[in-house]
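Visitor: Just passing along the structure, written as structure tokens.
Each reported figure results from applying straightforward, stated rules to the coordinates on display, with no laboratory input. Worth saying up front: this structure is predicted, and the values here are computed from it rather than measured. Don't worry about glycine lacking a Cβ; one is built from the backbone with ideal geometry, like all the others, and counts go over all protein chains shown.
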Amino acid sequence: MLVSVVACSTASPATQTGVDAGGDTSVTYSYPKGFLFGSATAAFQVEKGLTASDWSAWARTKGKIVGDGHPDTGGPDALAHVDDDVKLLVDSKQNAYRFSIEWSRIYPTRESFDRNEPVAEAVAAYDGLITKLVAAKIAPMVTLHHFSMPSWLSDVTKSNEPQGWERPETSTLFAEFARRMAARWGKHVDLWITINEPLNVALGGYVQGSFPPGVLLDVPRALALVKAEARAHALAFDAIHEADTVDADGDGKAAMVSVALHQRTFHALDPNESVDVEAADRVRRLWNLWFANAIVRGDFDDEFDLSYDGPNDKKADPTLVKRADFLGFNYYSDTLVSATRGIILPVIKAAIYQANLETDRPKSDFGWDIHPDGLGVVLDELAPYGLPLIITENGLADASDNNRARFLAEHLVQVGQALQRGVDVRGYMHWALIDNFEWASGFCPKFGFASYNSSGTRTARPSLDVYRSIIESNSLAETRVAAMPAYKSATEFCR
Ligand code: FCB
């Protein structure tokens, strides 16, 4: 990796105040040297031929995916289009790419894992991608678990039995997988994400039932899973540091390891109801802070009651503390919370609403509120952990590309403003480089900077050129953002 994540300046970026043609005072943001401007994808969402993953079995189960979509039939087939995707990154001047290495592709069976016999074609495919990225001076950021789990650890037909992270052996096997991947690719990779969105894995799989293993409304099981993921992350963090001893970018650190949290803003469904206001704050602290408290401070809230004085709670637990070199987080939108209306979940004692909110904000094709200010809020919320911050995902479903350029620019303004406040932001990864399989929602939401046709040919959307110009000039003027076309709120939504 040639772009340094730790060596970049933590000082506020240069901000010029000027006078534009209309006589208005304007602010122009620029970003620190070495700032990572990238895009993101995940293996199961963009690759084909993943037959040994729980998500593959899940997606083949009738009725689980909108339109019964499956990445094998209609996906962008990224491993067959590495050159095309690297070209999209190069042409748009991006210097980072976040993608995941699929455990079940490398080790499709328990026997292959136990014998450490990785599939040669799988290793060659990721070798090809990583080598091409490095040759193009694009820093690879590798995620090791992005929702999908080998089917030898997660059986979607047996949701009443422990699956995935619930199985006691999973965390040590995952740490071993992480160790092997770090040993193999550490000479090129300095940026590692262990688990993507640990809370969403639990919410999707055990509350909403939309992810494997498809359990509905079992909050205690979901919370037990989150605890297992925290422990698995810590083990994998240690394993990566043991195995990746090569400083690929010469910044003095061989590996920078984190998770990709999913941060949101939270508001009361009814702001006049004090119980809703209290519930929104409670859910915010659990959703946004529980995991960071565990892996940064070692503060482990066993009962999820927001106290650290229960019988199994821990402060500064040596097995968890300081297991993040930076905080990676995905940010998309706002959540409304009610203590009285809707499905009141046990333990958190609230109902949560994430789509089609009754707000006057514009909506994406997915029904998510477009809420750039929230990025500034969550950056400020994570700043006190004292670690560099990297936005590992941010984007919107926008098939027409009407809104993506303004969305991107307004979020980068939030980053610029946070930098001015002294928040140590080191990078921004847009979700996604290319349209892809959006989990239970299939292929309807179009998150990509580029679309693809049935033969796999990529077509960049106009917003990618806006990203290119911001990166190339390292400059974003508020007047430019103000002149962009207003948002067109979607009126028909993907489910
Ligand atoms: C995030 C996921 C990512 C993608 C985006 C839209 O929660 O991490 O895989 O589905 O949402």
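Visitor: Would you compute, for the Cα atoms of region 76-189, the largest minus smallest coordinate along each principal axis and list the three values in descending order, in whole Å?
Guide: On the principal axes, region 76-189 reaches 48, 25, 21 Å in Cα extent.
Visitor: Two-decimal Rg/Rh of region 158-229 from alpha-carbon positions, Kirkwood Rh?
Guide: 1.07
Visitor: Rank Asn272, Ala324, Ala120 by how far each Cα sits towards the positive end of the charge dipole of region 19-482 (+1 on Lys, Arg Cβ; -1 on Asp, Glu Cβ) and give me just the farthest.
Guide: Looking along the dipole axis, the top candidate is Ala120.
Visitor: Pull up the DSSP beta bridges for the chain and report the antiparallel fraction as a percent, rounded to 5.
Guide: Percentage antiparallel, nearest 5: 35.
Visitor: Excluding residues fewer than 8 places away in the same chain, name every one of the lysines whose C-alpha is closer than 22 Å to that of Lys314.
Guide: Lys227, Lys322
Visitor: Return the calculated 222 nm mean residue ellipticity for the chain, to the nearest 500 deg cm²/dmol, obtained by summing -39500 (n - 2.57) across DSSP H runs with n ≥ 4 and dividing by the residue count.
Guide: One gets -9000 deg cm²/dmol as the mean residue ellipticity at 222 nm.
Visitor: With charges only on Cβ, +1 for K and R and -1 for D and E, what is the dipole size of region 19-482 about its Cα centre, in debye, rounded to 20?
Guide: Its charge dipole is roughly 580 debye.
Visitor: Can you put Ile352, Ile295 in order of Cβ neighbours within 10 angstrom, beginning with the fewest?
Guide: Listing Ile352, Ile295 from fewest to most nearby Cβ atoms yields Ile352, Ile295.
Visitor: Hey, if you put +1 on the Cβ of every Lys and Arg and -1 on every Asp and Glu Cβ in the chain, which of Tyr206, Thr335, Ala486 ends up farthest toward the positive end of that dipole?
Guide: Ranked along the dipole, the leading option is Ala486.
Visitor: Just to verify a number: FRET efficiency for Glu472 and Ser307, C-beta to C-beta distance, R0 = 45 Å, to 0.05?
Guide: In this case the efficiency is close to 0.35.
Visitor: With θ taken as phi - 60° and the coefficients 6.51, -1.76 and 1.60, list the Karplus ³J(HN,Hα) couplings across region 52-65 in order, rounded to whole Hz; mark glycine and proline as x.
Guide: Once θ is set to phi - 60°, the couplings for region 52-65 become 10, 10, 4, 5, 5, 4, 4, 5, 8, 7, 3, x, 7, 10 Hz.
Visitor: Mind checking the log10 I(q)/I(0) for region 33-140 at q = 0.12 Å⁻¹? Debye, one equal scatterer per Cα, no solvent, two decimals.
Guide: Per q value, in the given order, log10 I(q)/I(0) is -0.48.
Visitor: With each label point set 7 Å from Cα along the Cα-Cβ vector, what nm distance links Lys158 and Arg421?
Guide: Result: 4.9 nm between the two label points.
Visitor: Also: Tell me, Kirkwood radius of region 193-327 from alpha-carbon pair distances, in Å?
Guide: 16.2
Visitor: May I ask you to list the lysines whose Cα is less than 24 Å away from that of Lys488, ignoring any residue fewer than eight positions away on the same chain?
Guide: Lys363, Lys446
Visitor: Sorted from largest down, what three extents in whole angstroms do the Cα atoms of region 51-90 have along their principal axes?
Guide: That works out to 39, 22, 13 Å along the principal axes.
Visitor: Within region 397-430, find all residues whose amide N lies under 15 Å from a label point positioned 7 Å from the Cα of Ala486 along Cα-to-beta-carbon.
Guide: 403
Visitor: Treating cross-link reach as a plain straight distance, find the aspartates and glutamates whose alpha-carbon is under 16 Å from the alpha-carbon of Lys158, omitting any fewer than eight places away in the same chain.
Guide: Reachable aspartates and glutamates: Asp54, Glu166, Asp218.
Visitor: If each residue's Cβ is checked for other Cβ atoms within 10 Å, how do Leu50, Leu261, Leu173 rank with the fewest at the top?
Guide: By the 10 Å Cβ count, ascending: Leu173, Leu50, Leu261.
Visitor: Sticking with this structure for a sec: Please work out the ratio of the alpha-carbon Rg of region 75-123 to 2.2 N^0.38 Å and round it to two decimals.
Guide: Computed over Cα atoms of region 75-123, the ratio equals 1.49.
Visitor: How do Met141, Met429 line up, fewest other C-beta atoms within 10 Å first?
Guide: Met429, Met141
Visitor: For the chain, build the charge dipole from Cβ charges (+1 Lys, Arg; -1 Asp, Glu) around the Cα centre, then report which of Pro372, Tyr308, Leu144 sits farthest towards its positive end.
Guide: The Cα lying farthest towards the positive end belongs to Leu144.
Visitor: Return the sequence-ordered ³J(HN,Hα) values of region 372-389 in whole Hz as given by the Karplus equation 6.51 cos²θ - 1.76 cosθ + 1.60 applied to θ = phi - 60°, using x for Gly and Pro.
Guide: Per residue, the Karplus-derived 3J(HN,Hα) values read x, 4, x, 5, x, 5, 6, 5, 5, 5, 8, 3, x, 5, x, 10, x, 10 Hz.
Visitor: Rg over Rh of the chain, using C-alpha atoms and the Kirkwood radius, what does it come to?
Guide: Rg divided by Rh gives 0.94.
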